[in-house]
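The values are calculated or read from the model by the stated rules, or taken from the named source; none is laboratory data. Keep in mind the model is a prediction, meaning the values are calculated, not measured. Cβ sites come from the backbone with ideal geometry, for glycine too, and all protein chains shown count toward neighbours.
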Amino acid sequence: ADKHITKVEFADNNIHRLIITWNDGTTVFVNRDANDWEITNILNKIPVKTAFDVILPQFGFFAANYVTDSRECGIVKVNNRVVEISEKKTNDKHVVYINARQKIASNILPVTPTLNSFKYLGGNKFSADFAWNVKGTLDKDLCIFVHCTQKKRSGQQLNEAVLGGGFPKTPVSQWKDKIVSDSYTMNIPNNFPAGQYYLVVGLYDFKGDGRRATLLGFDTGANRYAVGWLKVERKNSDNSVSNISLEPFKWADEKLSERFLPITEPVPFGIAETKGAFRIEINNKEKTATVTPLPDEPATKLLLKLPEVAQSVKAFDADGKELRNVSFRNENKIIEFTTQEKEFAYQIKW
């Protein structure tokens, strides 16, 4: 906050790609464009040496300063995965934060619902079926629900209704790629006035706790995902339904959904390779490395490059109490070990 901007550039004359230079030598790259932006060639001219090609996703950034010290940070794309990095080097210490974002996707089912077909049947009735685009593994047999609801406005009482649903013929645990679920015949309630309504769908655990699953899609609230706009028309004479039409809903942020997909492969960060999130402090003077996972991270494998061959790894709790000797594998100066949930930190000695 106490530094000053000395230069602002638009890369390739694109106002959504900014290069900002500060008076202390820091250069910041910001990508607001819908397409990825690779800045490796620009960094090489500064010069900045990174362990991987630096690709900025939409809303990603990368900041580096090699003038007053050696530090960099950013939200970048590595191996098509949006990750977080931060790094600072001095003569004695090398401090790194890496986050492959495995936890952000842990409670999200990699499924996007869309409308497959719609047909008006006359009166209050219509039929519809839905396509479910699956981008990962599903392990529970969940139940489909179909609701309609008005777009919420401040102080307005909403008209909402359960229209249909049930267990699909193909169990959810067997869904792969794209699957079209059963067609449902549904009725608009008689007390619903003419107007537009969200047609929303979702999945819930009927056999378990009854909770609705979090999916990838436009959530209208309470894990209900819009697949279309229902338009209900009524006659002036007797207020009966004269027509029901449906405009498919396009999710504007669909491209961003890739950030919430389950992680399948470890991310190579240069100094480390992992699916997890860690702060790593290498102390060359004391010949130690302290590895601290983010709180509540699941058990995760970590490969870490060290200055020398590791001799021991110990686990500690938050009070610094030693918990156990950790088994590990050495390959030259690369150590591999697996963390355990609830352990606070690990100390490596060489």
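Criterion first (assigned to a loop (DSSP other than H, G, I, E, B), over 20 Å from Val78 (Cβ atoms), more than 22 Å from the chain's Cα centre (by Cα) and basic (Lys, Arg)) does Lys285 satisfy it?
yes
Consider Val30 carefully, then state whether it is modelled with pLDDT of 90 or more and over 30 Å from Pro307 (Cα atoms).
yes
Which condition from (1) over 19 Å from Lys119 (Cβ atoms); (2) under 23 Å from the mean Cα position of the chain (by Cα) is the one that Val227 breaks?
Result: Val227 passes all but (1).
In the range 220-231, which residues are crowded, with 20+ Cβ neighbours inside 10 Å and either of a type in the set (Gly, Ala, Ser) or outside any loop (DSSP other than H, G, I, E, B) (or both)?
Tyr225, Ala226, Val227, Gly228, Leu230
Grab the strands (runs of 3 or more DSSP E) fully contained in the range 293-350, keeping just those with 3 or more residues being within 23 Å of Gly270 (Cα to Cα).
301-305, 329-331, 334-338, 345-349
Looking at (1) without any contact (Cβ under 8 Å) to a residue 60 or more places away in the chain; (2) not acidic (Asp, Glu); (3) not in a strand (DSSP E or B), which is the only condition Phe206 fails?
(1)
Pull out all pairs, ordered by first then second residue, where Cβ-Cβ is under 7 Å, the residues are six or more apart or on different chains, the first lies in the range 247-261 and is among the hydroxyl-bearing types (Ser, Thr, Tyr), and the second is at pLDDT 80 or above.
From the range 247-261, the pairs are Ser257/Thr112; Ser257/Leu216.
For the range 4-23, state whether one or more residues are surrounded by fewer than 18 Cβ atoms within 10 Å (Cβ to Cβ), of a type in the set (Lys, Arg) and at negative phi.
Scanning the range 4-23 turns up at least one residue that is surrounded by fewer than 18 Cβ atoms within 10 Å (Cβ to Cβ), of a type in the set (Lys, Arg) and at negative phi.
For the range 49-110, list the strands (runs of 3 or more DSSP E) that sit wholly inside it and hold at least 2 residues that are under 17 Å from Lys305 (Cα atoms); which are they?
By residue number, 81-89, 93-99.
Determine, yes or no, whether Ile42 is over 23 Å from Val267 (Cβ atoms) and among the aliphatic types (A, V, I, L, M).
no
I need every pair where a residue in the range 1-30 that is over 21 Å from Ser70 (Cβ atoms) and free of Cβ contacts under 8 Å to residues at least 40 places away in the same chain has its Cβ under 6 Å from the Cβ of a residue that is surrounded by 10 or more Cβ atoms within 10 Å (Cβ to Cβ) and polar (S, T, N, Q), sequence separation at least 6 or different chains.
Close Cβ pairs satisfying both conditions: His4/Asn23; Lys7/Thr21; Arg17/Asn31.
Would you confirm whether any residue within the range 37-44 is under 21 Å from the mean Cα position of the chain (by Cα) and closer than 24 Å to Arg259 by Cβ?
Looking for residues that are under 21 Å from the mean Cα position of the chain (by Cα) and closer than 24 Å to Arg259 by Cβ, one finds at least one in the range 37-44, hence yes.
Within the range 81-117, how many residues are out of contact with any Gly (no Cβ under 7 Å at 6 or more places or on another chain) and more than 18 Å from Ile263 (Cβ to Cβ)?
Looking only at that region, the number is 14.
I need every pair where a residue in the range 174-199 that is more than 30 Å from Asp139 (Cα to Cα) has its Cβ under 9 Å from the Cβ of a residue that is β-branched (Val, Ile, Thr) and part of a loop (DSSP other than H, G, I, E, B), sequence separation at least 6 or different chains.
Every condition considered, the pairs that remain are Tyr197/Ile188.
Go through (1) in contact (Cβ under 8 Å) with a residue 40 or more places away in the chain; (2) under 18 Å from Pro248 (Cα atoms); (3) within 26 Å of the chain's Cα centre (by Cα) one by one and return the number of the condition Asp219 breaks.
With respect to (1) in contact (Cβ under 8 Å) with a residue 40 or more places away in the chain; (2) under 18 Å from Pro248 (Cα atoms); (3) within 26 Å of the chain's Cα centre (by Cα), Asp219 is out only on (1).
What are the residues in the range 88-120 that are over 30 Å from Asp177 (Cβ atoms) and in contact (Cβ under 8 Å) with a residue 60 or more places away in the chain, if any?
Asn91, Asp92, Lys93, His94, Val95, Val96, Tyr97, Ile98
Scanning the range 24-46 for residues that are in a loop (DSSP other than H, G, I, E, B) and among the polar types (S, T, N, Q), which turns out surrounded by the most Cβ atoms within 10 Å (Cβ to Cβ)?
That would be Thr26.
So the check is Cβ under 6 Å with 6+ separation or different chains; which pairs have a first residue in the range 61-72 that's in contact (Cβ under 8 Å) with a residue 40 or more places away in the chain and a second one that's surrounded by 15 or more Cβ atoms within 10 Å (Cβ to Cβ) and not aromatic (Phe, Trp, Tyr)?
Going by the 6 Å Cβ cut-off, the qualifying pairs are Asn65/Gly25; Asn65/Thr26; Asn65/Arg71; Val67/Gly25; Thr68/Gly25.
Give the residues of the range 331-348 that are loosely packed, with under 14 Cβ neighbours inside 10 Å and more than 15 Å from Gly276 (Cβ to Cβ), sorted by residue number.
Hits for the range 331-348 are Glu331, Asn332, Lys333.
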